[in-house]
Structures are given as structure tokens and as C-alpha cells.
Amino acid sequence: NDSLPRQAVQFVLSISQSLFHFIPNGGKSNTSLIVSWAFFFSLLLLSLPAGAGGWSPLSSDGYQWLEVDLGERTKVTAVATQGRYGSSDWLTSYLLMFSDTGHNWKQHRQEDSVGSFPGNSNADSVVQYKLQQPAVARFLRLIPLGWNPNGRIGLRLETYGCPHTSDVVSLDGSSSSLVYRSIPGWSPTSGEVVSLEFKTLRNSGTLLEAAAAAGGGSLGLELERGKLLLLLRQGGTSSSEPRRLASLGSLLDDQHWHHVAVEWRGAHLNLTVDKHSERLSVGAAQSLDSLKPLVSKRNFHGCLENLLYNGLNLIERAKHEDQQVTLGDVTFSCAEPVSVAVTFPGPQSFLQLPGAMASASAGVSVGFQFRTWNEAGLLLTFDLPQEGGVVWLYLSEARLQLQIHKDGKALLELSAGSALNDGQWHSVDLTSGRGRLSVAVDEGGGGVAHASPSFPDDNRECRNPFDIFQGCMRLLTVDDQPVDLILVQQRLLGNYSHLQIDMCGIIDRCSPSHCEHGGLCSQSWTVFHCNCSDSGYSGATCHSPVYEQSCEAYKHNGDTSGHFYIDVDGSGPIGPQLVYCNMTEEITWMVIQHNNTELTRVRPAPGVNRHLVHFDYSSREEQLSAITGQSQHCEQELSYHCRKSRLLNTPEGSPFSWWLSGPGAGRLQTYWGGAQPGSRQCACGLRGDCVDPQHYCNCDADRPDWAADSGLLTHKESLPVRSLVLGDIQRPGSEAAYRVGPLRCHGDKNFWNAAFFDKETSYLHFPTFHGELSADISFLFKTTASSGVFLENLGIKDFIRIELRSSAQVVFSFDRPLDDDRWHRVRAERNVKEASLRLDELPAAARQAPADGHFHLQLNSQLFIGGTASRQKGFRGCIRSLQLNGVTLDLEERARITYGALCRNRGRCAEMPSGFRCDCGPSAYTGVFCHTEVSAAFKPATSVAYTFKGPYELARNSSAPPSSIYSDVTPRGENVSLSFSTSQSPALLLYVGSYYREYLALLVNKHGEEDLEVRYKLDSSREAEVLRSRVRSLANGQLHTVSIRRLTDSIKTIFNSLLNSEKWITSLSRVRDLLFIFPSSDSDELDPDLARLASLGFTGCLSVVHFNSISPLKAALLHPDSSPVAIAGPLVRSGCGASASANPYAAENKHHLTDRSGSVGSGQPLVNAIRTDSALIGGVIAVVIFMVVAGLAITARFLYRRKETYRNQEVKGVKPEDSPDFPFNNQTDSQDASSENRKEYFI
């Protein structure tokens, strides 16, 4: 058989006080050494000359160990090793074992893996390791695994820790009990907390019961097959059937200490077993009246330690005979039976024992217990000397099989038991004698088989036709005599090889399960497997999604309309869902149905004032939220047909009907299909064509004829419609019908999210990627370069990197050129079982992880996209749809604030038949990378008007769906940005007017000095609201940048990339239908103030004008014939806005970044993990220079303002700069009457 490869794991340790210092005088021993040492604190250090000598056994092989008795149970937090003084003897790796009794050793584990500690590289250096989880034990055993090949095993050892104090009680499983009763009427205010440690050899038994007061039920902790169950009993009787709340832990019957904590606070309950926790919702907490054993099929047999109830040490109180604690036959110590187990870890493991000479009358008897995860393996074989045959006892398909072979033939076969690979201890008793053979499993409970074989007189061959056994055995008996395995270990009895004696090294690799998304975990001795059937996921741990994330992706794959499963968040927690993908139109629609999409009639019912309808969707709540968030546009039809049934009432009255939207219980909405959120209107009110002009809905006219209010709900945050409440249906003659259509969405924001990298030093960076146990990365790329790094994230030791190494290679080789300027898809995954990489639809390349190894991927630098922290060769080309663990990284957003992407200023990386380009359609810029500003020089006679078609006109003259009407021309807010330079003041810069004589105006006005002024009139019945900035000297011929952002009633202004204000306005907007950059001479639509100002015209420069998704100046200059623009006077393109090519939003975006550690725009990598002294010194110098420059700038500004103030005081009394009849001047007494009630906000 092949030898089993050695398994390793790294450890991270914690340190406390120096506990034990072992430096024997030089020399060698011919046996393993056991040192009994009373507890003391040593002040020596291993590296001092006083530490001469060390431990070195006579034989340097794999059967040596060093055992230390710490004198009492101690919390060990660190170990340190050093080679033998003045020699070439040192350890390169070793194992650590711990025990309370000197038997039943437990190997120290890190991250649930078994492995070794790295040792020394020479005889003098000290290597110290801190234990991530401190070990509490009295005995420590160090087992050498590797040593200097040019020397021998050699060691000096030091341990660190502190005393462990505890109160212990032993329960015998029959008459033992401990009952605590709280003070009557006492109730804790912060909830209930019970914690304890326990150890046992039995896999079943009730640990404790916590009973609530006044018959309020009880919580129970019960062991079942080595797992801990949390049970809830309702009512006051123990006969009621308990409800299982949680199950945690595994193999808890290993006679080692395990920590348990139950915390009940409010409606939440937390159960913790060792390092694993589970959070539950069970209802309000009640005061627990008592803690006691629960009468059940089997009581707990074992030891309890540090039993705490709400901070009270109950065992300590029992020792002091507290009246609240009642005891029954307990001892305050832990009596532990000695049970020596042996582990068979691999193919070379065997144990050979001498057997008694069997007489024809007495026969042979063998007994033992075993536990394993394997379905097959040879357990035992021995000769029958009288009959001349061989007995083979083995597992096959998890059943116990017995065969007698002679001359290579099976003379007898017996079978007993089933499912014996469950990890539990099973007993086997085999007897042979008087011509009869018997085998029993689990004392007959698992089955008994008998036979009377006959043996021909033939010669035989000895061979092993069965699989090897991997598992544990204990309580071995031969002819009713127990086998002393300690004598075997000391080579005084029998023979063995590659065994682990006095320990059971079984591991439950399925607790906790690493199978994700409901995959079923099964295991063998060395590995676990995940069954991903019907989960919607695939891979070694059921991590990778089987289905695409949107209908858009299916269409891109070449599919046609039909029902498809989509997984919106990929490998994230949201499961797949079945939707209908309509691909018959240019737009691909995702359709989610609910339980009633038909037109439904509603008639009056006696005693029913309101009709309530709830809609159940085919997708769950979290799936719907993810769909609407990921889609570019969503809509849902909402219709109401009425006859004498009012809908919303007047805006001043209470609504008769409403609907609930969004997740959870929903948010109340009082607008109808086709209107805007919060408007209390229907579509006809928005268009102004309701049957009764006094109302904003047709049905509110309350007429006896049938009418209807229908339209689309397009505000994604309010979708879908959860419930509908119809209120005016009870009056005589009232009739109504409603229809709520399916939820329809299109556009996948994640699928086309892209960035372009034009040179090797380009990069984008994001916060550290956290994928400790499972990490998947997927993206599409296209390039004409033959190499480059797609992605890199570094840690202290770990890292991840995906790299294009040549024109046909992405990390692993594939027989396909990748620099063909076509999109290629990369999917990489790393989990606890394997790492895999897949390119396009080619077979995946995979590399298996060791069964016991380093699980957690620990990264701490920033995540670099398109480049590396070490400035290796970066990637050149396009990357899109980049997802990490199902979360899409917003490359476009990060590209606006990082040097990495050259499709700037809202430009998109777009695919072409051959190559790629930057699509500048959504941008106010032009050029190859959307970086060239579009500017024009204006004269007084120049004006540009951009016309939107209003919804009232489109509804009558167009067949376009309503969604296209409202997508741009009915915004809930505006994003307006432009750059300007002028020497004129006052001057009108921009005007946006609506059909309802509502407007937004941006102007430079005079109030002492030139002010920036924003006027909003969003309700024709109210005066305009004025927001005035205190920015001065705007008409100085220099270029200034202005951004205005409004969302409902909140408005924010940004001037020259600095946030000036954030204010609230008092009304909501309606539909815009005209955007005037400069009003023409026909200014009938303007207010008189603005009309007089518009008549002056404008002289100066305008650049990169952007209104929501419209770039009117760009349309007028580059596409005047195909755009709805009207140009008056000379309009000449110029480079006057050259300095405006920076994105006006960039500074604000930089300001809000919280996950970066440096400045932006230099193109230099920023890595948190790489910190050098030169970087620190450079940073200090930069700060000093900045402070000096800032001080000089402040001083200069102060002197300049004082000079300007003196000049203004001289000029002010001489003569006014403007005519007194012009309202836009600095004379407060010349404001006309129309502006006296105007609200002003000084910014």
C-alpha cells in the first residue's frame, strides 16, 4: 500500500506567563521522557547559556515523545522551542497533545484542522507560537515529526500560561442530581444566561433542564448520538413532547471538556457549543425557576465544571450548602475511567497481538469497540489452527461482514449490523468454538449471526482482499482478557506500526458543514463530500451557481423567450427563482407573476367597509428586493375601474384607497399608476386631463358612468405592490374592478458594469476581499494584449491573483488564444476542498486542497483590479461584470475616482464587432475616452432650447409604452451640472421650464458682489424659492463649475467641487417640457423678472452642460439635426472650457470614500499592508509642506478681502452700478413687490 502523506496545519498562538522551562543537562535517553514538574514560574530564557544541553532520545524515529506534567490543570497559551545546545540537533516540526489524566490525549487543532507546528532551523534560535485557542490541561506531550536530516531529535522547551481555577461536580447517571431554585418573585432584567463545561464517555443523556416559573415550560440540553440538542417544552409537564430548537457539536462523547452557553434575551436565544454558535428566535424570555436534571430515557453520566447561572456559580454554592441548591449523590471531583483507544490513520497502520492457543473445546473469543466514517475496511483477521482456515472480519457497505477463507476460497460468510460508519462507537463480539461461529454487533442490538462451518483439508494462501481500516478502536479483549495498549505502546506486547495510541483522532468534517446552499454533507475518514442535487449550485462545496443572474445574461447566451431560473446574487445567500424572460422585444423583460393578475370585480358586501387584497409573488421577499435593485428599470401596472366609487379623494382629504409597497409589512402609498410618489394623484392629474378638473383622478369625480384610472408604477423603491385597500365600495350603486399586473424589470446593471484599462500602470482598487472559507471570482474580459494581471489581493502570507500570462494562458494553460479582442469569461473558486479555474465553457482546471490544511484565506491589503500592489505588469483592455462571492463590484463608480479607467465622465466601455470603444452617449463630454469637454462661446443674441415631449402629448400621439414617457421627463429630482466663464453680471445661465409654468433657473446676480443664485418654482400657486450662495466674484472671466442635485424636497449645490449647502424646499416637481440654456427673445413663458434678465442675453462660455441624462449643449453642437434643439443666433464651439474636463462630481465622490488610505489620481498603488519607513517620512514631509502652503494662502486671502472691502466702501457712496428700476442689483430698496414674499436661503 502507498504510504499516507503527512498532513499539516499552521497554528497561531497566544502568550501569557512563563509556565514551564525544561532544560535537562546534556545527554541522551534511550526512551521517551516523562517529566513530572510542580507548577512554578521560571525566569530563565531558552536562549541563555544556562540552557545548555537539551532532550535527545537514543533513537530518532517517529515513536518518540516528550511528556510534561504541569502539576495541575493549567491554561497553556504558548510554547517555545529551541534546538539542543552546541549541536546540530533540532526539530523542524512537531505535534502538540494535551490531557487531564495522562491518558486519552487530544491533539491541538487550529481552524478545525489537524497539523504540525513549524519548528526550528538551527540549534540556537527560539521559535515561539501563541495558541489561538488556549489549551486547558495538566499534561502536555510533544511528538517530533521532523528534525535536522544532518543531526538528531533535539529539543529545549518552554511553555507559557496561567493556573486554571474551576469547580467540578461528578454525576453518575442514575441517582445524582443538582437542583437550583431561584428566589420567588425575582426576575432578571437582562435575560437569562446559563454556561458550563462538561465531559463524558456516553453519547446520550440529559445534561440539564431550565424550568420557567409558573408552568411556563422549560429549556433542556440533551446529548443525542454525540450531538447537543436544545429542546423547548411547552407547559409544566415533562410528558409533553419537546420541540427541537437547535443541534450543535459532534463527537461530544470523547471524554474531553466542551463549553456550552445558552443566552436568552428578549425574543432571541443564542446557543454556543465550543467555537460554534447558533442564533434563534423563540419569543420573549421568562424567568427560570430552577435548574435540574430532566427525567428522561437516560440521565447524564459525566462531569460538569463551572456551572454558572446569570453569573452565579452553582457548584461553588453547593459546596457551601446554599439553601437554594439541592444535591443528590454527587462528588466534587471528576472521576474519569481510564479508556485507552488506538487510532488507525492510514494504509501502513496495523496492530499485531499474541493470541492464546485455542483448544478444540474452548475456541477463540475476541471483543472490541470501533468508530469510523468509512464504509469499508478490514477490522480483524486471525487463524483457526484446528481447522486450518483464516477468519476475516471487515466492513463492507457499512455492514459488518465475516468470512472464513481456506485455500483462497470463502467457506463461510456472515453479516450483521447496518450504517456502522456513523462515527459512533459500536461493539463487536466474536466467538468461535465447538464447531460454531457467532458474531454480535452492539451487544446484539445491531444484529447477531451464527454459522457452523466445515473445513476441507487443503493448503491455503494468506492475502488481504479488503480495504484498509481507518478509525479508532478501544476495549480490546482476547479470550476474555483485556489488552493493555500501554504495554503495546512500550513495545512490551505485540507489534504495531503507524498507530496513534491512547487517543482517538476521529474528526467530524461535517460539523459544522462546509456544504453551502443546503448541500448535504457526507464524509470518509479523510475527506468530506457535498451532494448538491436540487440545490441550484455546483462545485466541491455547492458554492457556484448553476443559473445565470438575469434574463439579460440568458439572452446574451443565445437563449429565446421562456421560463428560466435566475440566481440574482450568484453565489450569495439568495436562492434561485423561476421567472419568465420575454426576449421578443429589443428590451429583455423579466416578468415575476403573483397570484392575481386578472381584472377583478369588487361589489359591495354587507358590513364590509374596505376590501383588502394581498398579493403573493412567485419569488420570495429577498429575491424581489435583489431584482429591483439590480435592474435598470422596473414597472407594474395598477388599474382601477369605477362607477360611483371614489379612489384617492381630494389632496386635502383622507384617501379612500391606498396600496402597500416594498418589503416586509410594506409602506403605505397614496398615489396611483402613472403618477409620482407622494403626489396623491393619478395619471390624468399629472397630464391635466381628468374628467373633472377639480380632482386628480377620474374615479374621484364620483360619476355613475364607468371610468378608469390606470398607469404604470415605475419608482423601483416602491415596488412591488404587496397589498391593495379599496375603501369606497360600500355605497349603493358602487362598483369597482382592479388589476395589479406582474412585476416587469429590464436591464442588468451588473452585467454591463465595465472599466477600460489603457496602460500597464492603470488599476482600480477596492477594500480587502473577505473570502476566508469560500471565495469565487467571475468576470468577463477582452484584450489585445498577451499578458497582464486581472486581480490581486495580498495578505501577510496568503494572496489571490488571477493573471493572463500569455495569449493562451490564464494562470492554467488553455488551448485558446485570449488576445483575440473578444469577450472571455473567467470563473475562479477557492474553498476548503479545492481551487478551480474555468475559462469560457472549457473544462475547469482544479487542484485539490489537502484534507487537513490551512483553511482560512487571510488577506489584509486592498484589492487591486487591473494591476498589482507590486507594480507588476498590469492588464490592458476591458473588464466587466466583476463579481466576488456574488457581489458585483461597481467598476464604473470606482473608475470615476481612480486613475484606472479612461472611459471617463459617465462614459461606458462598449463592445464593437472588432475591438472596444468608449460610449460617450450618457456623458456631456466627447472624445476617444469621453474626456474632451463640449464648450461654446455665446453672444447676447445666442440661445439654445432643448424640448422634451410632454407625457400628455406622447400619450395621444405615440405608441411608446408609458415607461418610456416617464423615465426621463418626470424625474423626482434633477442632477444639473455645467461650467461657465463670463464677465457679465447679472446673467441668466440656465432655465428649465414646465408646461405648468414651473421652473428652475440658475443665474449670476448682484448682491454686493456677484452671487450664484438658484431659483426653484415647483408649484405654480406659490412664489419661487431662492437659494443664494455667498460665493463672490463669479463674473471674473475665470471658469467655474456648478452642480445642483435635488431629490424630492432636498436640494444640494456644489460649487467648484465644494459642497456649498444642503437645504429643503417646500414642494415637489412635475413634468418638465422645455429646457432653455438661454431663453430666446420669445420669453412669454418666463416670469417678468427672468424675462427682463433674459432680454440682456449672455456673453461668455458654457461647457459640459448636463441635465439628468440629457446633454443639451452637446446635442446642439454635435447633433443639431437629429436632436430636439432650437438654436438662435451664432453658436460657435470653442475650447473655453478646457479646464472643465474633470468630472464635477469627482471631488465629492472622493470626499465620501471611507475605505481608502491615501490620495487619488496619482496612479500609484495604495496598499495597507506595505508600509515602509520612507513612506512614513514622505508623508510627514507632505503634511508639513501642505500646512505651510495653506497658511500662506489663508494670509493672502485675508489681505485681499480687506483690500476689496476698502474699495467697496469707497465706491458705494459714489454711484449705483445699476439702474434703480432693475431688480437684480445690490439695492435692497429696489426689489419689486413680486419678490417681497420670496423665501431666501443663504448658502
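Here are the numbers for this structure:
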| quantity | calculated |
| --- | --- |
| Distance violations [Cα-Cα > 20 Å] among Lys716/Lys749; Lys199/Lys227; Lys130/Lys275; Lys759/Lys782; Lys227/Lys833; Lys749/Lys1052 | Lys227/Lys833; Lys749/Lys1052 |
| Cα-derived Rg to Rh of the range 710-805, Kirkwood definition | 1.29 |
| Whole-number accessible area per residue in Å² for the range 522-660, which is evaluated in the context of all protein chains at 1.4 Å | 46 Å² |
| Surrounding net charge for Val1104, when Lys and Arg each add one and Asp and Glu each subtract one, Cβ distance under 9 Å | 0 |
| Cβ crowding within 10 Å averaged over residues, with 374-383, 1095-1104 ranked highest first | 1095-1104, 374-383 |
| Accessible-area ranking of Glu222, Glu893, largest first, probe 1.4 Å | Glu893, Glu222 |
| Three-way shape call for the range 485-626 based on the alpha-carbon gyration tensor, with the a/c threshold at 1.5 | oblate |
| Ranked by how many other beta carbons lie within 10 Å on average, peptides 503-515, 310-322 from highest | 503-515, 310-322 |
| Mean Cβ neighbour count within 10 Å, used as a protection proxy, ranking 689-700, 326-337, 156-167 highest first | 689-700, 156-167, 326-337 |
| Sequence of Leu989, Leu889 when ordered by accessible area, the most exposed leading, probe 1.4 angstrom | Leu889, Leu989 |
| Estimated vicinal HN-Hα couplings, Hz - the range 998-1004 in sequence order (Karplus 6.51, -1.76, 1.60; Gly, Pro = x) | 10, 7, 10, 10, 10, 8, 9 |
| For the range 418-431, Karplus couplings with θ = phi - 60° (6.51, -1.76, 1.60), whole Hz, Gly/Pro x | 7, 6, 7, 9, 8, x, 8, 6, 10, 9, 10, 10, 10, 10 |
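The values are calculated or read from the model by the stated rules, or taken from the named source; none is laboratory data. These numbers were taken from a predicted model, which means no experiment stands behind them. Glycine gets a Cβ as well: all are built from the backbone with ideal geometry, and neighbour counts include every protein chain shown. Calculation scope for accessible area: heavy atoms of the full protein, side chains included, ligands and nucleic acids excluded. Shrake-Rupley method; radii C 1.70, N 1.55, O 1.52, S 1.80 Å.
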